[in-house]
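Quick note: the coordinates plus some simple rules give every number you see, no bench work behind them. All values reported here derive from a predicted model rather than from experimental measurement. No Cβ is skipped: glycine too gets one built from the backbone with ideal geometry, and neighbour counts run over all protein chains shown.
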Amino acid sequence: MSASNVLGPGHTALVTGASRGIGPLIAREIARQGGHVVLTGRSAADLKAVMSELAAGGADVSVVPADLTGPGAAEALIDAVEREHGGVDLLVNNAGGDPLREFHTMTIAENLRTLQLNLIAPVALARAVLDGMLDRRRGHIVNISAMAGRVSFPNTEAYAAAKDGIIGFTRVLRNDYHARGVSASVIILGAIRGAGQGQRMLDEANMKTSAFMAPAESVAKAVIKAVRNDRAELIVMPGPGRFLRALMDYFPGLGPAMNRAAGADASVKKIMELQQAKTRAPV
Ligand SMILES: NC(=O)c1ccc[n+]([C@@H]2O[C@H](COP(=O)([O-])OP(=O)(O)OC[C@H]3O[C@@H](n4cnc5c(N)ncnc54)[C@H](OP(=O)(O)O)[C@@H]3O)[C@@H](O)[C@H]2O)c1
């Protein structure tokens, strides 16, 4: 048996990181296919605002707030969604982010928190939904990863480790459960414009987007494509993403050279200086 399409009426999707950034766009696109979408994140107020906006457009949505870095949080969240909605057919592990600080200036606890949010929580959520998916013999888990490790994006050591880790996790998960009706896909993002952490940081620093950034809507479209066409991996970035990724594996120095040429190094430096100035400023 191959994995089934879990989009559309009669299906329930859970989208993490749905309170702001790229997540609401993913939730909107899934809701457009029909079916019910559960939004999660820490901020109940932001989640409710997204819910109202999507519901006004005709979407069938609900909210279950959760902090995914808390102990047992993933299991408690899935219990709540299963109790209220009877099971999760599509899990989109989108919540994530990076403090963008120099590795040596962060404590190990701060680095572990980045790993928890970007790697451990998605693994725990996948584990928690799997029993129900296997019982129903249908399910799809979509993990949102990043090019950070491939391009050696500055000051993202723990984040890059987590995002590369989730790629390996997704490949093995897909292979192990595909024949039992449960599939997995990973969407690997380059820099994203229009919504999300990268855009927010550029806005705060009063900086412009670059031609190397892909629109946030294309992430939502990639999620739909990954589920509908049951794709193992999709890359969201301008240009030939898969080819560039392979090339960067072959020539590990290419990523840092691209960062310099695209101005990413200079932008990150400026953003970090602004962040430091803010934390030093008297309140
Ligand atoms: N934006 C980019 O350029 C880019 C590039 C590559 C990859 N990505 C990936 O794309 C995904 C979405 O990123 P984004 O740019 O949309 O980020 P964002 O705007 O910062 O949003 C992050 C989302 O994660 C949630 N979140 C953060 N900490 C959480 C926690 N402890 N527990 C539960 N939820 C938490 C936030 O909600 P609350 O604050 O309400 O908890 C928010 O909804 C992430 O996995 C990111 O790594 C983004």
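Could you identify which residue out of THR107, THR16, THR209 has the top mean-square fluctuation in a GNM of the chain using Cα springs shorter than 10 Å?
THR107
What area, in nm² and to one decimal, does the C-alpha convex hull of the range 165-241 cast on average over all directions?
Seen from a random direction, the Cα hull of the range 165-241 projects 5.8 nm² on average.
How big is the Kirkwood radius of the range 37-137, worked out from every pair of different alpha carbons and given in Å to one decimal?
15.0
Which of the peptides 189-195, 162-168 is most tightly packed, and how do the rest follow, judged by the mean count of other Cβ atoms within 10 Å per residue?
For the peptides 189-195, 162-168, the packing ranking is 189-195, 162-168.
If you filter the range 58-108 for GluC sites (Glu not before Pro), then keep DSSP loop positions with at most 14 other Cβ within 10 Å, what is left?
GLU102
What does the charge count near THR40 come to, summing +1 for each Lys or Arg and -1 for each Asp or Glu among other residues with Cβ under 14 Å from its Cβ?
Spelling it out: positives minus negatives among the neighbours equals -3.
Once both axes come from the Cα atoms, what is the angle between helix 157-177 and the longest principal axis of the chain, in degrees from 0 to 90, rounded to 10?
Helix 157-177 and the main axis of the chain meet at about 30 degrees.
With viscosity set to 1.002 mPa s and temperature to 20 °C, compute the Stokes-Einstein D of the range 87-234, Rh being the Kirkwood radius across alpha carbon pairs; µm²/s, no decimals.
It diffuses with D of about 133 µm²/s by this estimate.
Could you state the per residue volume, in Å³, of the convex hull enclosing the Cα atoms of the range 154-283?
So the per-residue hull volume is 139 Å³.
What percent of all Cα-Cα pairs in the chain falls into each 10 Å bin, going from 0 up to the bin containing the maximum distance?
Final binned percentages: 7, 29, 37, 21, 6, 0, 0.
With Cβ to Cβ distances under 14 Å as the rule, what net charge do the other residues near GLY132 carry (K, R +1; D, E -1)?
Combined, the nearby Lys, Arg, Asp and Glu give -1.
Order 173-184, 28-39 from most to least packed using the mean count of other Cβ atoms within 10 Å.
Answer by packing, highest mean first, reads 28-39, 173-184.
Is it possible to state the helix-based mean residue ellipticity at 222 nm for the chain, with each DSSP H run of 4+ residues giving -39500 (n - 2.57), the sum divided by total residues, to the nearest 500 deg cm²/dmol? What is it?
Estimated from H runs of four or more residues: -15500 deg cm²/dmol.
Where does the Debye-calculated log10 I(q)/I(0) of the range 3-76 sit at q = 0.12, 0.24 Å⁻¹, using only Cα point scatterers of equal weight, no solvent?
Here log10 of I(q) over I(0) equals -0.30, -1.03.
Based on the mean of other Cβ atoms within 10 Å per residue, sort peptides 274-281, 118-125 so the most packed one is first.
118-125, 274-281
Each residue of the range 221-236 in order: what ³J(HN,Hα) in whole Hz does its phi give by Karplus 6.51 cos²θ - 1.76 cosθ + 1.60, θ = phi - 60°, with x for Gly and Pro?
Working through the residues one at a time gives 5, 5, 4, 4, 4, 4, 6, 4, 9, 6, 8, 6, 9, 10, 10, 10 Hz.
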